[in-house]
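Let me begin by presenting the structure, written as structure tokens, before commenting on it.
No value in this document is a laboratory result; all are computed from the given coordinates. None of the values given here were measured: they were computed from a predicted structure.
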Amino acid sequence: MLEFTEYTKIFISLFAIIDPVGIIPIIIAFTAGMTAQKRERVGRVASFSVLVILLAALLLGEAILEFFGISIHSFRTAGGILLLLMSINMLIGDKASISPSESTDGDATTSVAIVPLSTPLLAGPGAISTVILDAHKASVPGHYMAMALILFLLSLTVWLTFLIAPWVSQRLGRIGSNIVTRLMGLLLAAIAVEFIAGGLRGLFPALG
């Protein structure tokens, strides 16, 4: 088992990679037009999904990737392509395709919470690969329990972020929210390109 300072470093590094605070404008864009009840549901599902995804990465991540013959670079490239498609919808203003309307059922609301909010935006290739690498730093049960506690705390910060997002959205207003949506679409496109470029460099080292 590692020292307490090491686990603190792991928490800080994962928090920086997931960046729940920095994703608030994107959360606002994807939950625009939702009722408070649906937005709260998205927050609960997203935070729980982040916990489940990262716990799976902790316990089974490497085995799952090996079983399907998938490299983390392929996962990163696929996630980048998905984000790029979402960002295009945000830029052209097709809000119906990125956020459920008032008449949408719970399944669509849940799907937005899982993809793209939970993954690949929050629990993306970077966070998953980091968890897999940190899992190999020790092999005793206590290490895995400490890692699970870290992941639980991270999911809690994600849930708190979703609680803060409506307050920020109210201060922005409709016009401000539309502007943020376009800007975040452009930012999301840039993040997607970085995901794709990083994945391609890993798959084809000659590109680096």
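Considering only Gly80, Gly173, Gly185, the mean-square fluctuation computed in a Gaussian network model of the chain, springs between alpha carbons under 10 angstrom, is largest for Gly173. For helix 36-68, report the angle its Cα long axis makes with the longest principal axis of the Cα atoms of the chain; keep it between 0 and 90° and round to the nearest 10°. Rounded to the nearest ten degrees, it is 30.
With all projection directions averaged, the alpha carbon convex hull of the chain covers 12.2 nm². Remark on region 130-208: hydrodynamic radius 16.4 angstrom, per the Kirkwood mean of 1/r across alpha carbon pairs.
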